[in-house]
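Worksheet: the structure to be examined is printed underneath.
The values are calculated or read from the model by the stated rules, or taken from the named source; none is laboratory data. Keep in mind that this is a model prediction, so the values were computed, not measured. A quick note on method: Cβ atoms are made from the backbone with ideal geometry, for glycine too, and the neighbour counts reach across all protein chains shown. Heavy atoms of the whole protein, side chains included, go into the accessibility calculation; ligands, DNA and RNA do not. Shrake-Rupley method; radii C 1.70, N 1.55, O 1.52, S 1.80 Å.
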There are 2 protein chains.
Amino acid sequence: MSLKENPRQLKSSENRGTYRNFPMVPRVVYGAGSLDQLGDILMPRRKHAEAPVIFLVDDIFENSPLMQRIPAIFEDQIIFISADEEPKTVQVDALRDRIQNDFEYKPSGVVGIGGGTLLDLAKAVALMLNNPGTSAQYQGWDLIRQPGIYHVGIPTLSGTGAEVSRTTVLSGPERKLGINSDYTPFDQVVLDPELTRGVPKDQWFYTGMDCYIHCIESLNGTYLNAFSQSYGEKALSLCHEVFLGDLPETEQQEKLMMASWHGGMSIAYSQVGIAHALSYGLSHVLGIPHGLGNCLVFQHLEPYYSAGVADFMRMMELHQVCLPKGICAGISEGEMDTMIRVAMDMAPLWENALGKEWRSKIDAETLEAIYRKI
Amino acid sequence: MSLKENPRQLKSSENRGTYRNFPMVPRVVYGAGSLDQLGDILMPRRKHAEAPVIFLVDDIFENSPLMQRIPAIFEDQIIFISADEEPKTVQVDALRDRIQNDFEYKPSGVVGIGGGTLLDLAKAVALMLNNPGTSAQYQGWDLIRQPGIYHVGIPTLSGTGAEVSRTTVLSGPERKLGINSDYTPFDQVVLDPELTRGVPKDQWFYTGMDCYIHCIESLNGTYLNAFSQSYGEKALSLCHEVFLGDLPETEQQEKLMMASWHGGMSIAYSQVGIAHALSYGLSHVLGIPHGLGNCLVFQHLEPYYSAGVADFMRMMELHQVCLPKGICAGISEGEMDTMIRVAMDMAPLWENALGKEWRSKIDAETLEAIYRKI
């Protein structure tokens, strides 16, 4: 049959609004030991000997053998940063100012090596080296006007999806909120699953659960489409293999790294939900790390995500993880109000979780009741 | 526990070679009706009014309502191309020459709208507008020296993965072989599942099976790693849903579009295998379309891919697809020799399928026996 016999009728349907033109990380190298390719990857990006590469590295790696593998040459600078606290806008601004002060020339690039905190800092610093003012003024959606400088992400923890997302979540003076922009994603990601060896178990679990929980939120959300669904389903099934299966350690590391990657991609046309909204409040007021915060909230979300919470409880039991208790016991009314405000401000998350009429389905009392259980 | 108590030992392991730094499509928009965003997407890429956008469009859409949705302005040119034959190097060179002849200025971009043939032509023409000589001299791996001009892929058929791959497969004077390079992938892809409505059933099936078959080949190959495995598994499970399940038509279109996308990604650190190698011979000598060629070969590959072939047979039965028979009945010895040579030349495919010692595991007689069954 000639195809011409069947001209396909493809009229435009009614106006359905516009879809995000999603920026993907344009270069990714995956493989055990791929960190050792970083020098070759950076070389063509070096503008000249006095335009350094800035390496932002989790300070857990200070004095570790990893440092000998970082290809710092010329005027390059390695800055160690603690990931004990969530990244802050003041920290981003201070790093930017320090780099601008230390060097005559704008850096050739910024490389973040660590978990979500280090990756988010690297993204934010790269943006702020090309955008004026304070990073706090860019918290929100599409407020960044200029592309950042070249930036590379190298995760050493799997779960947040920060290596692939178009946001960098920062605690600012007003709120914990991401700098969401088309310029935020890394120009290059190095996925070396060996770098996730030896993560302390609790941190491994909480960070992995960040991925698991955002998949549950994304797959149960109202924003979902087939693109995000396919990534979210794959990330979720990898989480099931890792946290409910019985894999050899190397395979566990590889699969969790890919779960994090696909989980991050699943947010392209979706959103996280209730656990993330409430977790943002916990982080902002009490400085609770993001992954732990998600777990603390998610355990109490059975009414919203019943199957997901049931599996989460099995994972906790299987890995003998005990979440801390009494976190919100001693907080003041003012702090509680702030937590609730921060959580309630996350309109897209609530709309994704509960639909356009979300304001009629949730209120401050419900949120306070959840916080009081934590 | 402070993280500092547990410094992680991350020494470099022995030299394990280098991994490909894979180029991903940097921008993708997904959604029903997203074709209507093309004008806005192209606008900032237009260099000036006399640097046209060239639209290469499957001629099945000539006089169809789709044409009213193509945002051709200024000096833009729409070129209709038949997809009845596989793309050829001489065709690419002729298109390049025509465009260079018709316009004083280099085009602002090339947009391919159609199935794998149109997408591969668009990629190749974009490359050849910035690289001298004939496209045949770039068939192979990493021979392209200059980035192509801006190029956009808009699939109207799902399965080949051409929208996301780093190759453009062309029949040349010597062989059917791709221009594999970091500059080959599209700068932008528009995934509008509505554009795959109304594809004739056989074509829908053969093209979808291209995806199914390359997933089977990739997942059973020796090159596989966790990155490619995760994409391949997702693509395969979507193929199962589409071809063995009972989905509403819209969902079927959406899921097959994503299967094609993930299937293409799965080749990043993998390769196709025996069906593709033999299919290349069929296309080169007999002009058999790629998807059909894969099916014709794959039905006889039970010794190599037994579970995959069994499911393929179920899919054929379920969709009442009858493959043509006697294709190789009348061919000459010379043609047979050429087919075998073209197939055997695909060393990476054989190595992926059968391991480094593949030359001791396959011979011309085995290939001829398979071809004779077709």
| request: Residues being touching a strand residue (DSSP E or B) at 6+ places or on another chain (Cβ under 8 Å), of a type in the set (Phe, Trp, Tyr) and open to solvent by less than 10 Å² (accessible area, probe 1.4 Å): count how many of those fall in region A:259-306. | output: 1
| In region A:53-70, how many are in contact with a strand residue (DSSP E or B) (Cβ under 8 Å, 6 or more places away or on another chain) and either open to solvent by 20 Å² or more (accessible area, probe 1.4 Å) or modelled with pLDDT under 95 (or both)? | 3
| task | Could you identify the single residue in A:GLN253, A:GLN203, A:GLN188 that is touching a Pro at 6+ places or on another chain (Cβ under 6 Å), within 11 Å of chain B (Cβ to nearest Cβ) and over 23 Å from A:SER270 (Cβ atoms)? | result | A:GLN253
| note | With criteria (1) surrounded by 14 or more Cβ atoms within 10 Å (Cβ to Cβ); (2) modelled with pLDDT of 95 or more, B:LEU3 comes up short on (2)
| task | Scan region B:83-103 for residues that are closer than 15 Å to B:ASN131 by Cα and of a type in the set (Asp, Glu) and report the count. | result | 2
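Only one of B:TYR212, B:TYR223 is assigned by TED's automatic domain parsing to the domain that holds B:TRP358, buried (at least 24 other Cβ atoms within 10 Å of the Cβ) and touching a residue at least 60 places away in the same chain (Cβ under 8 Å). Can you tell me which? Lay out the reasoning, then the answer.
On the way: B:TYR223 fails: buried (at least 24 other Cβ atoms within 10 Å of the Cβ).
B:TYR212 is the lone residue from the list that is assigned by TED's automatic domain parsing to the domain that holds B:TRP358, buried (at least 24 other Cβ atoms within 10 Å of the Cβ) and touching a residue at least 60 places away in the same chain (Cβ under 8 Å).
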| remark: Of the residues in region A:324-343 that are surrounded by 15 or more Cβ atoms within 10 Å (Cβ to Cβ) and assigned to a loop (DSSP other than H, G, I, E, B), the one that is farthest from the chain's Cα centre (by Cα) is A:ILE331
| said: Given the criteria in contact with a helix residue (DSSP H, G or I) (Cβ under 9 Å, 6 or more places away or on another chain) and within 11 Å of another protein chain (Cβ to nearest Cβ), does A:LEU282 qualify? | reply: no
| field | One residue from A:TRP204, A:TRP141 being open to solvent by 10 Å² or more (accessible area, probe 1.4 Å) and within 27 Å of A:THR338 (Cβ to Cβ) | value | A:TRP141
| said: What are the pairs with Cβ atoms under 7 angstrom where one residue, in region A:238-252, is among the β-branched types (Val, Ile, Thr) and the other, located anywhere, is surrounded by 13 or more Cβ atoms within 10 Å (Cβ to Cβ)? Sequence gap at least six, or different chains. | reply: A:VAL242/A:GLY208; A:VAL242/A:GLN252; A:VAL242/A:LYS255; A:VAL242/A:LEU256; A:VAL242/A:ALA259
| said: I'm trying to understand the selection: among the residues of region A:256-269, which are closer than 21 Å to B:GLN253 by Cβ and either more than 12 Å from every other protein chain (Cβ to nearest Cβ) or part of a helix (DSSP H, G or I) (or both)? | reply: A:MET265, A:SER266
| request: Return the total of residues in region A:223-240 being touching a Leu at 6+ places or on another chain (Cβ under 8 Å) and outside any helix (DSSP H, G or I). | output: 0
